[in-house]
Structure formats: C-alpha cells, structure tokens
Amino acid sequence: MKYHRVHSDTLLPVTPIQQLISSCSGAILTSLLTTPFDVVKVRLQRQQSTLKPCYILDCRAALDGVCICTYESPYPHLPPYSPVHRYTGTLDAFVKLARTEGVGSWWKGLSPTLLMAVPLTVIYYTLYDQLKVRLGFDPNERNFAAPLVSGVVSRTVAVTAVCPIELVRTKLQSRTGVNISEVLSVVRTVTAQNGVLSMWRGLSPMLLRDVPFSVIYWLGYEDLKRNFTNRSLFYQPLVPFIAGSIAGTFAAIVTTPLDVVKTHMQAELGEPEVGNKLGVGSMSRVMRTILQEYGAPGLFAGLIPRVAKVAPACAIMIGTYETCKDFFSEYNASH
C-alpha cells in the first residue's frame, strides 16, 4: 500500500531513536562532502598569524609562488614547525594543498570532524525539534519565538559539549605536516599546565558565532520553508535543501568575524611566542588585534570557503534530516 507523502511536520511524530538516525545520516554525509572547504577556510584564516618575521624565510615566487617560513620550536613538547605556505585565495589554497600535501589533505581533520558531528547534530537537531514542538510551533503559521528559543538553547548545549573536539580539529587543520597524535600531545601538555578548562578555549566566540547563526538560520529556514511550500515554488522534496542553503548562506556571512576569532584562539593554543600571534587574550582583544593589523577585511578571512562549506552543509544536513524524518513518519503510519 502506498502512502501520500506530506511534510514531516504534519505526519505522525518520529521517535527519538528515529530522530537520532536521521541526524546521524545527515552529519556523516555533510562531513564527508564539506570538510575540504573547512580545511581551506582554517588555512586562510590561520595564515594571518604567520606574516611577521620568522627565523628562516624562503620565497620562491619565480618557481611556484610559495613562500616558506620555518623555525625550530624552543619548546620540547611541541613538534617543529612545518613549512607554512602562503595562499592568495580559495582556489589557490586547494591547488597548493594538493601539490604540497596531497589531495588527502583536503580531508585533514575528518576523524575529529566525524567524532564531533555526530554528537553535535544529535543534540542540536533532536533538542531543537523537541523544544519547538513544546513551544507551540505551527508549520502553517509564521513563527518567531519557537525557532528563536529552540535554536538558542539547542545550539548552546551542543556547542559546549563538543568544544574540546572542535579545538583538536582546528589545531589539526591549521598546520602542515602535523598528525593527530602530535596535536593531542600538545593538548595534554597544555591541560596539565593550565587545567582541563583550557580545552574549552574558544568557547565564547564559538557560542557568539553559533548561537546567532542558529537564530538567523532557523528563523530564515522555517519562514522560507513555509513560503516555498505554501506557494509551491519548488518540487516539495527539494524545499528543505533550498531553504536550508539560502538561510545558511546568510547566517554564515553575518557570523564569519566570530569564526575568524575562534580559529585564532584555538589554533594558537600552546604554541610558542614567535611571529605574529593574534589569538592571545580575550575574544574582544583578539578581535581588536585583527582589526588593527588587517582592518575590517581581516575579520572576513576565509569567507568564500566558509560560505562554500556552510551553504551545501546546511542544505544536505537539513534536507537529509527532513527526508529521513518523512520516511520514518510514513513508516510509523503504516505500522
């Protein structure tokens, strides 16, 4: 027997386990497809900290356009710095990463990304869905309070839970020739010296980046989805993908400055005082330092790969999530 497919908000409720499976499916698919853009974004943002004098500077622009800055670390617990390549843009970063580190470097940090994505999305999407229903969300009416409150609470809980994994991932993606065991060695040394709470360094800009992102995203997504559905502007199964992409793009642009601050604060944790360190001090101090050094454009470093990652990530994640929920809703109805 066939069942007419309608939107998941109007079907029978799915169970928490079915929500978990739906969010995990989207998280894994999203991580595999968008990690390369995340690596490039981090490298473009991180190179702001390596523009000041080094011990050795070797520019071979006539050969391959790559400037290499190297020095030996004075700290025994830190691995020696690998060559730091200068990137002029998103495409240039992709090409130079493939040439110098191999195409596999595009997926650097995939392990912690997957390790972070699963609990993050499970907490985030499940808690958001549960809260918005309890707050009286109506898919056929314009809603503000339910998406706003649900987005703030769910994102705050999820980001706080996975912040230590995000720190490891950022440090792993920000350096050339560093593997996860070396990063974990640095993290262990820093936590032994400064306490376990140092693993939550960068939480403030993460929250100030992700909570507004969540509010903007969910308000935009729910409103776009309702309008697209009511006006039949797109083939119904595509609505979540399109609405998610548009809402995610706008939210990513608005919150990029806080993403830049977060990258510096986390990537420079435990590194020696050599060169131009931008991630020292409080979030406001880091932001002021970036503005002084590079002006307003410095706060939007890595914007293109960030949007290139976030737009499809939001589309894939919410589209897969909604599609899986629809499947489970119809399955529940038939059983």
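The values are calculated or read from the model by the stated rules, or taken from the named source; none is laboratory data. Worth saying up front: this structure is predicted, and the values here are computed from it rather than measured. For neighbour counting, all protein chains shown are included, and Cβ atoms are generated from backbone atoms with ideal geometry for every residue, glycine included.
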Answer residue from the stretch 111-127, given it is of a type in the set (A, V, I, L, M) and farther than 18 Å from LEU172 by Cβ and is modelled with the highest pLDDT among those: LEU127
Matching residues, the stretch 208-261, being among the polar types (S, T, N, Q) and surrounded by fewer than 16 Cβ atoms within 10 Å (Cβ to Cβ): ASN227, ASN230, SER232, GLN236
Checklist (1) in contact with a helix residue (DSSP H, G or I) (Cβ under 7 Å, 6 or more places away or on another chain); (2) in contact (Cβ under 8 Å) with a residue 60 or more places away in the chain; (3) surrounded by fewer than 15 Cβ atoms within 10 Å (Cβ to Cβ) applied to LEU110, failing item: (3)
Pair list, Cβ under 8 Å, 6 or more apart: the stretch 137-162 residue over 30 Å from ARG201 (Cβ atoms), other residue of a type in the set (A, V, I, L, M) and surrounded by fewer than 17 Cβ atoms within 10 Å (Cβ to Cβ): ALA145/LEU135; ALA146/LEU135
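Could you please let me know if LEU184 is surrounded by fewer than 16 Cβ atoms within 10 Å (Cβ to Cβ), modelled with pLDDT of 80 or more and assigned to a helix (DSSP H, G or I)? Please lay out each step first, then the result.
Details: surrounded by fewer than 16 Cβ atoms within 10 Å (Cβ to Cβ): yes; modelled with pLDDT of 80 or more: no; assigned to a helix (DSSP H, G or I): yes.
Spelling it out, it is not the case that LEU184 is surrounded by fewer than 16 Cβ atoms within 10 Å (Cβ to Cβ), modelled with pLDDT of 80 or more and assigned to a helix (DSSP H, G or I).
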Filter pass, GLU166 being of a type in the set (Asp, Glu) and within 20 Å of ILE246 (Cβ to Cβ): no
Residues that are part of a helix (DSSP H, G or I) and over 20 Å from VAL310 (Cβ atoms), drawn from the stretch 215-233: ARG226, ASN227, THR229, ASN230, ARG231
Qualifying positions in the stretch 147-181 - in a helix (DSSP H, G or I), modelled with pLDDT under 80 and either surrounded by fewer than 20 Cβ atoms within 10 Å (Cβ to Cβ) or in contact with a Cys (Cβ under 6 Å, 6 or more places away or on another chain) (or both): ILE180, SER181
LYS132 under 22 Å from ALA315 (Cα atoms), at pLDDT 85 or above and not aromatic (Phe, Trp, Tyr): yes
